Each structure stands twice: as structure tokens, then as C-alpha cells.
Amino acid sequence: MKNRLLGLLLVLFSTLLFGCQETPEYDAVQNKGESALDDAIAAAPVEQNFLGAPQEWQHEFGNQDGTISIVVDASIELPDTQCYPVARVKKVDLTETWLENFILKLGNGSKVYEHKDETMYTKNEVERIILDLKRQLTDPGSDLNSANLSEETRSELLKEKEAEIKAWEEYYKTAPDTFVPTEKEIQYSLSSTGRQQQFSCNMDLGKENPAYICVSRSGEGGYVTISNYDAQLGEPMDSFHDLEKLDRIAINAEQASALGLSFLENLGEKDFSPSLILGGYLRDMNNPNLSTEEALPQCYHIYYTRSVEGVKTTYCATSMDAYLMNGRMAEKAAIMEQYAPFWPQENVEMIITDSGIQYVRWEMPTQPGETLNTNVQLLPFDAIQRIFETQMTIEGLWTNPADTGIIAREVVITRIVLGMMQIREKDTYDGLLMVPTWNFYGYEVYTYPAPVEGGYELDDENKYKNDQLDGHSFLTINAIDGSIINPVLGY
């Protein structure tokens, strides 16, 4: 599944009227070690920010030999305000007291039980698992029978599947006909790795099958997952931006978003809003041979983020950023982990259908700290444009270490978003700030000299369009001082 802050109270606009400051001139990418950010935060709040940003931006540039090209054909999304705060934020410690309160609110006092799939499977469930594994062996459209696999790889996977089938057939001999739920206490236990505390359970949340709830807690924060699928539904198979593909679902995006917000409000969380709305397909457990081109169940795939004094936090996926790091940067990230923990951006991911919420993942619950500046001075948009062009020329030099066959790379920017984002506070071990940032979203096009066995399916020009980058920002710029933010490192 695609690779998660209690909100601050709104401050009256009258408290912002302390006078305007002049817009500073800006021509170069700011050094993160300089004091421009601290100075701007410490300055008196400005009355309003006039950024001079248009509704759209079209621009093209690249290197001289054409191997790197950046195409900007983007809408520009701004908050409905001219006031941009800076605030501290703290992670929520998911203590057992917090856990008990969360479970109480979630289930409205319902009892919790041992999770069935952590204890046993019934004979009917094992039969379905074996049937699906055998389908993977015979279905021409399965991953096992993909044309992109070499015969050697296919042979190895075939042996693994056959061994898996034999293991389930052996388990079937002693599997029970029915499962008898056992009530359990709400308390953490140590995970198998010994690095986290975890609590998992089944709970009746009003569907035919009980919901599965898992809470994971560590020194780096924590997360909550709730799997509450309808009886016939399975995990998501694909997500996409084009919501017009959702032709077999009755509710619209606004109604689906409202369902998610209502769920969060019932938990006492009232400062969230949808930041990224995708469409998607879900696996049909009753018809395992269906593909996305047929009649798979459809869903909305929505990411919610908090607002900071009315300014929405921008959702940024970090899984792709971590993958794109080359070896040197990966080593740097490992060094950073030794003295500053990695705390991902808070978000709530939901899968929603006509029958309600199917899945929830709440990443990094947080709470507000003090507001450091109610309206910090931002750079004008033309300065951001210059920084983007300078830095994207450097970013474009990257080549995928696992795919050295690319001879040309085109980055197409389709959305530019100004919103809040969590960064590390300088000179602290665990300090976090929420600051205004610019993020640039889009897709990539790779050009190869020729098709490669096991590689992407290329068009007639040997190009592949990589548009499976939902939530991935190609560049994150601090809107205050123009410095470049690495979402993985957090600064």
C-alpha cells in the first residue's frame, strides 16, 4: 500500500497587525547553517504576505545535451490566507493511558479480543488461501506469470509458491472449523524485534467481520492501523489521480472526505483536512481472478493532515525520497539516526467506499507546542522560482543506482503547493517546527536506448512514464529562507 499533530488554536487576526516588513531581496539558495530562518522567526509578525504567485506557471529548462529536462506546466495552490505561522510541535507519547482512551473512543466501550489471525485460521479461510495461491500458479495475468520475469526467476518463485501451498495444506489438517474469540487486556507487549511496544486486537466496529486494530509505540513516535474491511474486500491493488475512473462507486470525493473527517472528530481530532485524494481499486476476495480492467471494487484513497492556525499541512510521501538516496546520502542518514531520531510527518491515510471506512493508518500522532511567529515573512514567489530552477538542475543529475540504463530523464511538474511542513529545529535533539514550505509534484519520463528484459514496458520511443509517485515532492523549499528540505532527514 501506498508508501502519516493536535492542531493549534486559531489566533485572532487582530493579533497579527504589527506592521509590514519589506520583502527581502533573494538570489541564491540559502545555506541551512546560516541564521536567516532563526532571524525571520524571531522578527515581529508581518501584517500580510503578498507573494505575487500566479495561478499557473509554465516553464522549461534543462542541460545542454538534453539528458535532463524539467517541464513546469503546473497549477499553483495557495492557502486561503496571507498569514503563515511558525510553531513548535511535539510527538504524542502513546502511553498505555493514551492507548486505553483511544480504544475506548474508537469502540465506544466495546470489548477487545485476541486477533484471530495471530492465533489461528479456520478451515474455510485456509481453503481460500490455498485457492488464491493455486490461482497465482495458473493465471496468465498473475505476477508469477508476468512476461517481464526471466525463466530462472519464475522457476524460483514457482518453487516458493508450491512450498507455501504444501505448508497451508498441512496446516489445514488441524485447523478449527470455527474461531472462538478470547477477550484480552489493553496493554502493550514487546514486538518480535524488541524495539517497539505493540498492542493488537479485534473489535466489533459494526461490520460482519471484526476490525483489526494495531498500535505501535517507540521512542521515535508511533502509529495506529485499523483494518475494517467489508467481508468481500481485500487490500488495495492500485491508486490513481484520475477520479473520473471511479464509475462504480456512488459517493463522490467530498462525501468520502466528510466520512473520514467525521471519524476523526469522533476521536476528538478536529483540525484535519484532506490533503491528497486518490481513486483506487480493492481486491475482491470472492473473485480473485478479477483485474483492474474488469469489475474490481473501487475506493477513495485519502490522506488527511492537520492545519496549523488555519494553514493546511502539505502531505509529502517519504518512501520514494528514501529510495532515491544514493549510497553516500544513505550513510549520512544513518549517521543522523545516531543523534536525532527520524520522525515522519503526521498524516492519516484512509481507504473509503460506499459502505464506509475500510482502512485507517494514523502516522506519528502529535500535539501543538508554542507559536513562535503568527505571521512570518515569506520570500516572494519569483525568488522561489529562481531557487527551483537552480536546484532542480542539480536534482536532475540523479540517476537511479538500480537502473543505470536511463539515457535521459524528464521531470514534469504539474502541481505546486504552499503549505505547512514539519522540520527539525536546529541545535536540538528532538525539537520539531512547523514552517511554511513549497512542494513540487508531478511525474517522470525515462528514456532508454532499447527495451531491457525484466524492465519497464516502453513506448515506441523507448520511453517509460513513471506516474506512480502519489504524494512524492520532487523538491521542498522552505518558504521563509529558501533552503532546501530533505523530507527523509527532516531539515
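Each reported figure results from applying straightforward, stated rules to the coordinates on display, with no laboratory input. Keep in mind that what you see is a predicted model, and the values were worked out from it rather than measured. As a convention, Cβ positions derive from the backbone with ideal geometry for all residues, glycine included, and neighbour counts pool all protein chains shown.
Remark on residue 475: its backbone amide H falls under 5 Å from those of 440, a criterion applied only to residues 5 or more positions apart or on other chains, H modelled at 1.01 Å from N. With helices as the sole contributors, the chain gives -7000 deg cm²/dmol at 222 nm; each DSSP H run of n ≥ 4 counts as -39500 (n - 2.57), and the sum is divided by every residue.
Compute, for region 397-491, the length of the dipole vector about the Cα centre, with Cβ point charges of +1 (Lys, Arg) and -1 (Asp, Glu) only. Units Debye, rounded to 20.
Numbers: 6 positive and 14 negative charges, 72 e Å.
Using only the charged Cβ atoms, the result is roughly 340 debye.
Within the same chain, lysines fewer than 8 places from residue 426 are excluded, and of the rest, those with a Cα less than 22 Å from its Cα are 32, 90, 91, 332. Here region 120-178 is assigned +1 on the Cβ of each Lys and Arg and -1 on the Cβ of each Asp and Glu. Its dipole about the Cα centre then comes out at about 160 debye.
Is the chain best put as rounded, prolate or oblate by its Cα gyration tensor, with a ≥ b ≥ c the root eigenvalues, rounded for a/c under 1.5, and otherwise prolate when a/b is larger than b/c, oblate when not? It comes out oblate by the Cα gyration axes. Near the amide H of residue 490, within less than 5 Å, lie no amide hydrogens of residues on another chain or at least 5 residues away, with H placed in the peptide plane. Label-to-label distance, residue 93 versus residue 169, with points set 7 angstrom from Cα along the beta-carbon direction: 5.4 nm. Projecting the Cα atoms of 97, 78, 408 onto the dipole axis of the chain, where Lys and Arg carry +1 and Asp and Glu carry -1 at the beta carbon, places 97 farthest toward the positive end. Residues whose amide H lies under 5 Å from that of residue 233, counting only those 5 or more places away or on a different chain, are 285; hydrogens are built 1.01 Å from N in the peptide plane. Label reach from residue 468 (point 7 Å along Cα→C-beta): in region 301-320, amide nitrogens under 17 Å belong to 317-320.
Relative to the Cα centre, the charge distribution of the chain, modelled as +1 at Lys and Arg Cβ and -1 at Asp and Glu Cβ, gives a dipole magnitude of about 1180 debye.
Which of rounded, prolate or oblate describes region 58-209 when judged by the alpha-carbon gyration tensor and an a/c cut-off of 1.5? Because a/c hits 1.5 or more and a/b fails to exceed b/c, region 58-209 counts as oblate.
Overall shape: prolate for region 120-178, with the ratio a/c of the largest to smallest alpha carbon gyration tensor axis at 1.5 or above and a/b above b/c. What residue among 167, 148, 122 has its Cα farthest toward the positive end of the dipole of region 120-178, where the charges are +1 on Lys, Arg and -1 on Asp, Glu, each on the Cβ? About the Cα centre, the residue reaching furthest to the positive side is 122. A simple spin-label model places pseudo-atoms 7 Å from Cα toward Cβ; at residue 131 and residue 55 they are separated by 5.3 nm. A simple spin-label model places pseudo-atoms 7 Å from Cα toward Cβ; at residue 138 and residue 47 they are separated by 7.7 nm.
For region 169-223, the list of trypsin sites (Lys or Arg not before Pro) that fall in a loop by DSSP and count at most 11 other C-beta atoms within 10 angstrom reads 173, 195.
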